[in-house]
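Note sheet for the following structure.
The values are calculated or read from the model by the stated rules, or taken from the named source; none is laboratory data. Treat the numbers as computed from the prediction; the structure is a model and nothing was measured. With ideal geometry, Cβ positions are generated from the backbone for all residues, glycine too; neighbour counts draw on all protein chains shown.
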Amino acid sequence: MEKLSLGGQLVQYLFTGVTVGSIYGMVALGFNIIYNVTEMINFAQGEFVMLGGLIMVFSAKFLPLPVAFLLTIAVVCAVGILMERFTINPLKNATVLTLIMVTIAVSILLKGIAMFIWGKDSYIMLPFSGTEPVQLFGAAIQTQTFWILGISGVVVLLLTLFFRKTRYGKAMLACANNAEAARLVGIKVNFMVLLSFALSAAIGAAAGAVITPISLMEYDRGALLGLKGFGAAVLGGLGSFSGAVVAGLLLGIVESLCAGFVSSGYKDAVALLLLLLVLFVRPSGLFGNVEAAKIKKF
Amino acid sequence: MQDRTALLSLIVLLVLFPVFVTQVEAISHYLDVMIFVGIFSLISMGLSLLMGYAGQISLGHAAFFGLGAYTSGILCVKLAVSPWLAMVAGPLLTAVVAYAVGVPSLKLKGHYLAMATLGFGVIVRIVLNEEVGLTGGPSGLSDVPGLKILGAPLDSELSFYILVWTLVLLVLVFCLNVVHSRIGRALRSIHDSELAADAMGVETARYKVMIFVLSAVLASLGGSLYAHYVGFLSPSSFNLLFSIKLVMMVVVGGMRSLWGALLGTWLLTFLGNEWLHVFKDFDILVYGAILLLVVMALPEGLVSVVSRLGEVRKRGKESAG
Amino acid sequence: MSAMDARRHQPSELLHVDSLEKSFGGIRALQGLTFSVAEGSIKAVIGPNGAGKTTLFNLITGLFAPTGGIISLKGETISGRRPQEIARLGVSRTFQNVLVFGRMTVLENVMVGRHIRSRASILSTGLRLPGMRREERQIQARAMEYLGFVGLEDRAREYAGNLPLGEQKLLEVARALATEPKILLLDEPAGGLNTRETERLAEIIHRIRGRKITVVLVEHDMNLVMENSDEITVISFGQKIAEGKPREIKKHPAVIEAYLGEEADYLNSPAGRG
């Protein structure tokens with residue numbers, strides 16, 4: 001492969017950044033959906049992505065891609081529902097610490113189950129539409145990148161429609177605003193919590209399924225993905241959907257540029273340092289409301 | 001006082017343990033496991049103060065453990081510093097890092113504090129992995145020297161056992177004293193209502209940082225001992241899973257009690273080093289299941305079972321008498 | 001009434017609030033509030049819900065800083081300072097939604113009140129030095145005294161979270177008194193109490209005044225307020241609308257108008273008119 005010009009390298013890193021940033025954005029969306037309804041952070045969010053990737057690899061061997069994709073989403077969605085029903089719903093008046101411990105326990109369990117089924121190996125699958133990269137602005141871009149951007153875009157669009165136009169979506173937003181009032185007007189908050197977990201799991205699964213052809217997937221990738229996705233969520237203002245998407249892209253680009261021009265070993269640390277920075281300096285995030293954040297239980 | 005009886009019982013058990021265990025060939029290696037129990041107990045007692053008493057959380061304490069271990073390791077291996085001196089340098093360095101991280105982190109609460117400490121822990125592990133020149137990277141750091149007292153090397157399991165557990169007992173007594181004092185009450189008041197504690201004049205921010213630094217220093221001390229006992233360090237021992245195991249030791253045993261931390265540490269260390277060997281790598285399934293069960297069914301930890309039994313007995317005596 | 005507007009610290013004045021303003025984002029909770037509390041008196045602050053009374057307390061105790069104006073204690077500015085400093089200077093309080101330390105015993109709750117009047121460091125407590133042990137005994141003894149003051153000595157070993165509401169409110173008073181305040185802010189101490197408990201509370205308030213501690217009372221129970229305060233300040237929508245002795249306030253037209261409710265019924269009742 002010919003050596004890329006500096007401009008070409010830049011384009012390459014930008015595309016990588018935007019690609020991986022879309023994934024972070026989707027993970028962040030998952031965090032936000034659950035946070036908005038329950039005010040809790042689901043530490044197992046990254047595991048949904050991991051499961052999405054591994055199940056997709058497995059099912060794509062026997063089924064046509066679109067079917068495998070939908071199956072993956074359905075299965076992980078079911079996992080999310082089971083998680084909510086068995087571990088979250090019973091703990092109605094739990095302390096924050098208990099909720100943290102519970103989602104951590106579930107994430108460990110999911111990791112263990114994944115290791116049991118798939119072992120410790122990294123799995124790869126063929127990109128959705130072939131391995132020939134596309135030449136663009138002096139860089140070689142994987143076709144999978146466009147799939148990722150496309151699917152992320154569709155996810156964001158569907159979510160927006162869901163929240164603006166459907167009854168359930170509007171009900172979920174109402175819960176996010178004021179759970180007590182929502183309950184009083186007859187919204188079944190319990191069901192909204194269940195829905196939030198199902199949605200988050202589905203989105204996570206989609207992200208995992210679509211990134212695996214590029215970056216492989218193994219049983220213990222969940223923690224780091226979850227952390228970075230959380231970083232994007234906080235950076236964009238916890239609870240803000242548009243913020244999550246923008247922050248995710250931003251995070252991905254910064255990480256990719258650092259990996260390319262500075263050091264690839266510390267690539268993961270970049271996102272984490274940004275996370276710490278945001279939490280320490282401006283927990284309301286780039287786009288969050290500072291006054292509102294003061295009332296939030298930071 | 002209950003604590004005094006518990007302490008005496010513990011001392012008796014600790015003295016009898018090696019005597020008994022060395023007689024039975026099949027479990028003679030339990031002495032080695034108990035050394036690890038002691039080392040981890042230093043960390044878990046600190047965590048118990050932080051989580052159970054002050055009501056905070058840290059998902060990154062493996063980082064402080066690692067900082068202590070690697071400081072000792074690097075100073076001894078690369079700079080031929082005396083291990084005892086390194087064991088003073090380690091906690092000092094850790095205290096500085098813990099303070100720098102603690103001050104901004106402890107302004108956060110709940111999930112955000114958990115995430116911040118989680119992030120910090122992973123960053124340290126990455127640094128340990130990447131700075132190959134300093135730490136040996138993923139292949140690890142080996143030939144960390146053992147400890148010597150007055151020229152005599154502590155190279156038997158028994159001698160290390162005595163060293164570690166003497167230290168644990170000293171720290172335990174110190175922590176028990178702190179718990180039963182105005183400082184212990186201040187910590188617990190922060191846990192129950194930080195707002196009211198502020199209004200009563202308790203320096204909540206200062207205490208939170210202080211107890212965070214103390215717990216980090218204890219973890220670092222444990223790390224140094226670990227380095228000199230095992231002689232070999234690898235970044236994968238100081239990962240997120242270990243941080244979670246540390247938290248589990250405190251939660252499973254019973255957060256609101258130092259004895260709970262000791263109980264949880266003993267149980268989880270023996271599980272990990274001994275009884276779960278049959279599961280090999282799948283021991284994490286067992287850990288996840290235990291954590292889930294305890295958190296959902298027995299949130300006050302195992303120690304609460306013990307104290308509830310005590311209450312039942314007391315009530316039985318009262319009604320019988 | 002005119003003495004309140006003087007800017008220089010009046011010798012008998014303990015607390016002075018001057019042109020106090022507080023806004024939260026777009027909401028103006030308090031505007032241009034000025035009043036004083038005379039040393040050794042019992043001052044009540046009343047007003048309809050949402051008038052800004054708890055915000056006032058939160059500002060005085062340092063929970064947040066005012067957006068304008070000054071609060072001073074005996075001439076010394078306390079607004080903008082940290083709650084811990086203000087507590088050490090002698091301002092203590094109880095909370096409207098009772099904030100006892102639920103998982104600590106009743107006695108331990110009051111002992112936390114002694115925290116700022118004690119000194120043992122972490123080193124001396126860890127090593128259990130004799131000075132620390134002596135101080136511990138003193139802390140416990142004084143705490144029992146304060147429990148006795150409010151009549152809760154028998155409950156000393158029980159967990160505060162298990163107490164009925166009325167006793168939790170008394171516990172908060174004992175805890176606040178343990179800090180040896182010069183001025184005690186009571187935030188709706190009678191909320192949720194029955195008649196007998198309220199009478200007990202009133203008696204305790206008078207004994208507090210007997211100990212030369214100034215009391216500021218935010219309350220909705222008009223009986224309690226009218227029978228027990230030396231002076232009343234009325235706040236509505238963040239502004240002072242009236243100030244004076246109870247009998248003046250009862251007849252004040254702006255006050256009656258602001259309330260327009262049960263309080264107004266009280267003010268029009270035989271007890272109120274008397």
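Would you confirm whether any residue within region B:174-185 is farther than 30 Å from C:N162 by Cα and away from chain C (no Cβ under 14 Å)?
no
How about region C:154-171: which of its residues are of a type in the set (D, E, K, R) and in contact with a helix residue (DSSP H, G or I) (Cβ under 8 Å, 6 or more places away or on another chain)? Step through it out loud before you land on a result.
Looking only at region C:154-171, we keep the residues that are of a type in the set (D, E, K, R), and these are C:154-155, C:157-158, C:167, C:169.
Once the filter is applied, which keeps residues that are of a type in the set (D, E, K, R) and in contact with a helix residue (DSSP H, G or I) (Cβ under 8 Å, 6 or more places away or on another chain), region C:154-171 yields C:R155, C:R157, C:E158, C:E167, C:K169.
Among the residues of region C:21-50 satisfying the criterion of being without any contact (Cβ under 8 Å) to a residue 40 or more places away in the chain and in a strand (DSSP E or B), which is farthest from the other protein chains (Cβ to nearest Cβ)?
Per the stated criteria, the residue is C:S36.
Kindly evaluate A:K111 against the criterion of being surrounded by fewer than 16 Cβ atoms within 10 Å (Cβ to Cβ) and either modelled with pLDDT of 90 or more or of a type outside the set (G, A, S) (or both).
Taking the combined requirement at face value, the residue does not satisfy it.
Determine whether region B:144-164 contains at least one residue that is hydroxyl-bearing (S, T, Y), free of Cβ contacts under 8 Å to residues at least 40 places away in the same chain, more than 9 Å from every other protein chain (Cβ to nearest Cβ) and not in a helix (DSSP H, G or I).
Yes: one or more hits.
Output the number of the condition that C:S72 fails; it satisfies all remaining conditions of (1) out of contact with any Gly (no Cβ under 9 Å at 6 or more places or on another chain); (2) touching a residue at least 60 places away in the same chain (Cβ under 8 Å); (3) within 10 Å of chain B (Cβ to nearest Cβ).
Result: C:S72 passes all but (3).
Condition test on B:S193, is it without any contact (Cβ under 8 Å) to a residue 40 or more places away in the chain, within 11 Å of another protein chain (Cβ to nearest Cβ) and touching a Leu at 6+ places or on another chain (Cβ under 9 Å)? First the steps, then the outcome.
Numbers: without any contact (Cβ under 8 Å) to a residue 40 or more places away in the chain: yes; within 11 Å of another protein chain (Cβ to nearest Cβ): yes; touching a Leu at 6+ places or on another chain (Cβ under 9 Å): yes.
Considered against the rule, which asks whether it is without any contact (Cβ under 8 Å) to a residue 40 or more places away in the chain, within 11 Å of another protein chain (Cβ to nearest Cβ) and touching a Leu at 6+ places or on another chain (Cβ under 9 Å), B:S193 comes out as yes.
Looking at A:L161, A:L99, A:L71, A:L54 in this structure, which one is within 14 Å of chain B (Cβ to nearest Cβ), in a helix (DSSP H, G or I) and either touching a strand residue (DSSP E or B) at 6+ places or on another chain (Cβ under 9 Å) or among the aliphatic types (A, V, I, L, M) (or both)?
None of the other options fit; the residue is A:L99.
Checking the conditions here, which among A:I124, A:I108 is under 30 Å from B:A289 (Cα atoms), touching a residue at least 24 places away in the same chain (Cβ under 8 Å) and of a type in the set (V, I, T)?
A:I124
Would you pick out the residues in region B:128-137 that are more than 7 Å from chain A (Cβ to nearest Cβ) and either in a helix (DSSP H, G or I) or in contact with a strand residue (DSSP E or B) (Cβ under 9 Å, 6 or more places away or on another chain) (or both)? Walk me through how you get there before you give the answer.
Filtering region B:128-137 for residues more than 7 Å from chain A (Cβ to nearest Cβ) gives B:128-129, B:131-137.
Of everything in region B:128-137, those that are more than 7 Å from chain A (Cβ to nearest Cβ) and either in a helix (DSSP H, G or I) or in contact with a strand residue (DSSP E or B) (Cβ under 9 Å, 6 or more places away or on another chain) (or both) turn out to be B:L128, B:N129, B:V132, B:G133, B:L134, B:T135, B:G136, B:G137.
Among A:S256, A:S240, which is polar (S, T, N, Q) and at pLDDT below 85?
Within the list A:S256, A:S240, the selection yields A:S240.
Conditions (1) within 27 Å of B:V144 (Cα to Cα); (2) of a type in the set (G, A, S); (3) within 14 Å of chain A (Cβ to nearest Cβ), marked per residue:
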| site | (1), (2), (3) |
| --- | --- |
| B:L31 | yes, no, no |
| B:I39 | yes, no, no |
| B:G46 | yes, yes, no |
| B:L79 | yes, no, no |
| B:S82 | yes, yes, no |
| B:L85 | yes, no, no |
| B:L93 | yes, no, no |
| B:V97 | yes, no, yes |
| B:K109 | no, no, yes |
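Out of region C:169-200, which residues are buried (at least 22 other Cβ atoms within 10 Å of the Cβ) and part of a helix (DSSP H, G or I)?
If the condition is that a residue be buried (at least 22 other Cβ atoms within 10 Å of the Cβ) and part of a helix (DSSP H, G or I), then C:K169, C:L170, C:L171, C:E172, C:V173, C:A174, C:R175, C:A176, C:L177 are the ones that fit.
Test B:S236 against the criterion of being among the polar types (S, T, N, Q), touching a Pro at 6+ places or on another chain (Cβ under 8 Å) and farther than 13 Å from B:T71 by Cα, and give yes or no. Lay out the reasoning, then the answer.
Details: among the polar types (S, T, N, Q): yes; touching a Pro at 6+ places or on another chain (Cβ under 8 Å): yes; farther than 13 Å from B:T71 by Cα: yes.
Here the answer is yes, as B:S236 does meet what is asked.
How many of the residues making up region C:147-196 are over 12 Å from C:V110 (Cβ atoms) and β-branched (V, I, T)?
Summing the residues that are over 12 Å from C:V110 (Cβ atoms) and β-branched (V, I, T) in region C:147-196 gives 2.
Do you know which residues across region B:89-111 are β-branched (V, I, T) and loosely packed, with under 15 Cβ neighbours inside 10 Å?
Restricting attention to region B:89-111, the residues satisfying the condition of being β-branched (V, I, T) are B:94, B:96-97, B:101, B:103.
Hit for region B:89-111 is B:V96, nothing else.
Given (1) of a type outside the set (S, T, Y); (2) part of a loop (DSSP other than H, G, I, E, B); (3) farther than 30 Å from C:H16 by Cβ, where does C:G166 come up short, assuming only one miss?
So C:G166 meets the others, but not (2).
Taking B:D143 as the residue in question, decide whether it is at positive phi and surrounded by fewer than 15 Cβ atoms within 10 Å (Cβ to Cβ).
yes
Go through region C:76-113 and report how many residues are part of a loop (DSSP other than H, G, I, E, B) and closer than 19 Å to B:Y53 by Cα.
6
I'd like the residue in region C:96-151 that is basic (K, R) and touching a residue at least 12 places away in the same chain (Cβ under 8 Å) and, out of all such residues, is surrounded by the fewest Cβ atoms within 10 Å (Cβ to Cβ).
Looking at residues that are basic (K, R) and touching a residue at least 12 places away in the same chain (Cβ under 8 Å), I get C:R119.
Do the conditions hold for C:T61, that is, is it under 13 Å from B:A199 (Cβ atoms), touching a Leu at 6+ places or on another chain (Cβ under 6 Å), within 12 Å of chain B (Cβ to nearest Cβ) and among the β-branched types (V, I, T)?
Against the criterion (under 13 Å from B:A199 (Cβ atoms), touching a Leu at 6+ places or on another chain (Cβ under 6 Å), within 12 Å of chain B (Cβ to nearest Cβ) and among the β-branched types (V, I, T)), C:T61 does not qualify.
How many of the residues making up region A:162-207 are surrounded by fewer than 17 Cβ atoms within 10 Å (Cβ to Cβ), of a type in the set (S, T, Y) and touching a residue at least 24 places away in the same chain (Cβ under 8 Å)?
Final tally of qualifying residues: 1.
Going residue by residue through region B:287-302, is there one that turns out to be at the interface with another protein chain (Cβ under 9 Å from one of its Cβ atoms), hydrophobic (A, V, I, L, M, F, W, C), crowded, with 23+ Cβ neighbours inside 10 Å and under 20 Å from B:F174 (Cβ atoms)?
Within region B:287-302, not a single residue is at the interface with another protein chain (Cβ under 9 Å from one of its Cβ atoms), hydrophobic (A, V, I, L, M, F, W, C), crowded, with 23+ Cβ neighbours inside 10 Å and under 20 Å from B:F174 (Cβ atoms).
Which of the residues belonging to region C:152-204 are at positive phi and touching a residue at least 40 places away in the same chain (Cβ under 8 Å)?
C:E180, C:E188
Scanning region A:142-152 for residues that are in contact (Cβ under 8 Å) with a residue 40 or more places away in the chain and not β-branched (V, I, T), which turns out surrounded by the most Cβ atoms within 10 Å (Cβ to Cβ)?
A:S152
With the requirement that a residue be assigned to a loop (DSSP other than H, G, I, E, B) and over 20 Å from C:T94 (Cβ atoms), what does region C:210-258 give you?
Our first condition is that a residue be assigned to a loop (DSSP other than H, G, I, E, B); within region C:210-258, this holds for C:211-213, C:219-221, C:229-230, C:237-238, C:245, C:252.
Matches in region C:210-258: C:F237, C:G238, C:K245, C:H252.
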